[in-house]
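Take a look at the structure set out below.
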Amino acid sequence: MNEMHELACFRAEAPDRGTARAEEIFRAALTAELSSERKLVARHSKRSRRLRPAWRLAIAAPLALGLAVGVAVAVQPSGSQPPAILPSGSRPSVPPSGSQPPAVTTATLLADRAAAAALAGPTVPAGQWIYEQTEHSLPAIIRRHLHGVHNPMVQDGWMTADGTMSYGGAGISGNPIYPYSKLGSLPRDPAKLDAYFVSLDPVKTDDKSMVAFSQIESMLFGMVLPPTLEAEMYHALALIPHVQVKDHVRDIAGRAGVAFVLPPTKQSEQLEIILDASDYHLLAQASWGDPGNPSTLSETAILKEYPVAELGSTRPSTIPPSAAELAAERIFFYEEYLYAPPKINHVTPGQWLYRDLRTGGKNQEIWATADDSAQAQYVNGTLTVCQRTDSCAASEQWLMPTGPSYSLIYPPYSRPTGTGPLQPVKTQQAPPTLPPLPRPLLDKLNTYSTGCADVAGYCNAVNVAANVLTGYGNYPYLDSSWFLALADVPGVSVRHVTDAAGNQDIAFTFPSQDGVTAILVNAKLLSAGTIQYEGYVRDGQQTLVLNQALVSGPGVRP
Amino acid sequence: MTQQSRAEAEADADADDASVIQLSRHEPEHFTVLFRRHAPHIQRYVVHRLGQDAADDIVAETFLLAFRQRDSYDQTRADARPWLYGIATNLIGRHRRAEIRMYRALARTGIDPVMEPFTDTVDDRVSASGASRRLAAALARLPAELRDTLLLVAWGDLSYEEVATALGVPIGTVRSRVSRARRKLRRTLGDTNPAAYDEESRA
């Protein structure tokens with residue numbers, strides 16, 4: 001299959017061999033390991049720098065864990081070095097100097113303040129689109145290989161509040177570890193929450209503090225939590241063993257902050273969650289390979305994050321999504337995940353498809369190529385085939401009468417030039433496509449003239465969408481923002497209907513009576529994760545696609 | 001570390017992984033056989049995900065952690081690769097953000113931070129193909145468990161059963177994860193290049 005082939009070609013130029021350096025580190029570490037087992041002072045190679053602290057902690061950890069949970073407190077004056085690894089509680093507290101604002105002395109106190117700030121925030125519905133602009137800083141080890149790439153790098157994009165869908169550069173880690181839909185069943189007690197997150201770790205990592213910290217981090221940054229739960233997350237953070245507070249930090253965007261810090265362990269880099277120093281909202285997540293050494297810093301700072309009315313909008317809005325938008329989001333989500341693969345996908349433009357259509361109680365068998373450049377029907381028992389370029393085309397009722405060309409929706413693809421996967425390939429000029437975001441896409445679709453009058457009501461866009469869905473043979477991989485675009489048509493609603501073939505459908509219903517007034521998607525299949533377009537309603541009459549199948553040529557039945 | 005005798009080394013070369021691990025319980029030096037045997041493959045897998053520099057550390061640490069856990073190794077498993085890949089995958093998990101950022105950097109710029117060290121001259125440093133960029137974008141967006149599972153199959157060359165062992169999940173879970181991950185990648189690639197699949201299937 002192609003995606004596996006692409007994966008096999010991906011980074012195929014990487015050398016297929018071990019390195020002397022890896023072996024050197026391993027041998028040094030093994031020597032040290034054996035030495036420490038024998039209670040001898042280990043001789044460390046320079047390269048084993050990052051491995052060494054691990055062993056020290058391995059010895060220190062039992063001591064640290066023996067201390068009461070939540071006492072891990074360190075006060076760090078501005079500009080001080082991050083803490084070395086010591087059993088928590090053994091470090092003397094350092095009071096902040098007089099010229100600085102009072103420090104947040106304990107993780108518990110910081111959690112209290114952050115929780116209070118969270119509780120004052122709004123509750124955002126799960127399907128609400130959030131606009132997010134983030135700044136990323138890469139560690140030098142990665143950065144030095146990136147020529148001509150700005151660092152830090154600013155990205156923006158959209159995600160839904162529940163973190164299930166993202167578009168562009170939004171979302172920190174793709175998908176949060178714990179699903180939003182199950183938030184209700186999380187323990188309502190910070191200590192139990194930590195324990196629960198640790199229990200979810202599939203690989204049973206030894207370092208439970210790191211697991212709990214990372215999980216909470218992914219919850220805070222991967223979705224917009226309900227205020228009470230966000231507050232609980234902060235309390236849970238403060239209870240994680242070894243978690244400390246670092247005052248007077250600045251994130252990569254230069255903003256003053258105060259951070260929850262988990263010092264480095266054998267399992268982990270130093271992890272930080274930075275909150276705004278004045279109002280305690282989330283600013284950034286950071287990790288340090290070598291605490292205090294800026295070249296090992298990896299950080300993502302949230303520059304902007306607020307609810308917007310729709311995917312593609314950058315204007316703050318707390319208008320919750322409509323029923324049509326939520327239905328379209330569901331389609332978007334399933335397009336993204338495609339739990340159940342569609343029967344027809346990835347066909348070539350010239351592939352013949354058989355369709356059994358029913359319009360107003362009358363069935364019609366029709367054959368067409370995927371790009372609808374040729375159609376065929378039996379007329380009085382004789383198969384007639386018509387090409388778009390032939391004279392017969394003018395009198396033919398085309399499945400795809402008006403709209404964007406097939407290649408605009410499914411751009412042609414040629415394999416990269418080169419001498420096989422081991423050679424780098426030149427960047428190809430991207431073929432023209434339709435606008436990807438819903439609103440510009442809707443506007444573009446409305447520019448195709450379908451002969452309807454209510455252009456302001458987006459009649460052209462609705463007609464074109466129905467044409468494409470019915471007439472082009474690649475529908476399941478249509479960009480999922482098409483339904484989000486339809487959900488932006490003024491006055492659109494979703495209704496549950498039973499179509500003429502007896503299917504339970506979701507009908508995107510449009511107020512304009514000019515042309516197509518409804519587009520039907522199978523509701524039962526959608527709830528099972530399959531997107532199946534059933535047909536449309538025009539002039540009060542349904543046109544349904546009863547059957548659709550790939551066939552070897554015109555006139556051939558499946 | 002003591003030097004192995006030639007005879008011992010030859011005996012190790014014939015022994016399966018389980019036997020080598022068994023030997024290493026009392027004679028730790030034998031564990032280096034396991035390193036030489038499997039480090040190149042693990043290295044390749046980790047380089048694919050995180051690049052050379054991180055890979056050196058992770059490979060070394062994988063074998064060190066394996067060494068520490070050698071007493072609990074299941075002696076019925078002759079082949080230690082799933083065990084080692086599982087540990088390496090776990091370690092890669094710590095660098096999740098770095099991994100994702102590198103995929104994103106490739107997707108956005110066409111320049112792959114992972115591959116940069118392997119290109120010697122400016123002329124060699126050409127931008128990645130559109131397919132690679134889309135693939136990178138898709139990999140960045142995969143949930144961690146799907147990415148781990150898929151990449152163990154694709155880059156670790158493990159069977160579904162071996163991946164199940166490596167990740168400690170049932171084989172059915174591996175199947176469904178791979179299938180979900182592939183669908184997601186297919187969609188990203190397929191959005192803009194549907195014809196590619198037919199070239200494949202008809203070839």
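Any read-out appearing in this document is the output of simple, stated calculations on the displayed coordinates, not a laboratory observation. This one's a predicted model, so the numbers in the text were calculated from it and none came from an experiment. Cβ coordinates were reconstructed from backbone atoms using ideal geometry, including for glycine residues, and neighbour counts include every protein chain displayed.
Applying the Karplus relation 6.51 cos²θ - 1.76 cosθ + 1.60 with θ = phi - 60° to segment A:545-551 yields 3J(HN,Hα) values of 8, 6, 8, 8, 8, 6, 9 Hz, where x marks Gly and Pro. Both radii were evaluated on the Cα set of segment A:107-321; the Rg over Rh quotient, with Rh as the Kirkwood radius, amounts to 0.95. Among B:Asp53, B:Asp112, A:Asp371, a tally of other beta-carbon atoms within 10 Å of each Cβ gives an order, fewest to most, of B:Asp53, A:Asp371, B:Asp112.
Computed from phi, the 3J(HN,Hα) profile of segment A:438-452 under the Karplus parametrisation 6.51, -1.76, 1.60 (θ = phi - 60°) reads x, 5, x, 5, 4, 4, 5, 4, 6, 7, 7, 7, 10, x, 8 Hz, with x in place of Gly and Pro.
For A:Lys182 and A:Asp206 in one chain, what is 0.36 nm times their gap in residues minus the Cα-Cα distance, to one decimal in nm? Please report the intermediate quantities before stating the final value.
Values: separation 24, 0.36 × 24 = 8.64 nm, distance 2.59 nm.
Taking 0.36 nm per residue and subtracting the Cα distance, the gain is 6.0 nm.
By the count of other C-beta atoms within 10 Å, a proxy for reagent exposure, A:Ser512, A:Ser287, A:Ser527, B:Ser19 are ordered fewest to most as A:Ser527, B:Ser19, A:Ser512, A:Ser287. At an R0 of 25 angstrom, the distance between the Cβ atoms of A:Arg495 and A:Thr384 translates into a FRET efficiency of 0.05. Derived scalar couplings between HN and Hα for segment B:154-171 equal 6, 10, x, 6, 8, 6, 4, 5, 5, 5, 4, 5, 4, 9, x, 10, x, 5 Hz in order, rounded to whole Hz, by the Karplus curve 6.51 cos²θ - 1.76 cosθ + 1.60 (θ = phi - 60°), x for Gly and Pro. For the pair A:Thr105 and A:Asp156, a Förster radius of 45 Å applied to the C-beta separation gives a FRET efficiency near 0.80, rounded to the nearest 0.05.
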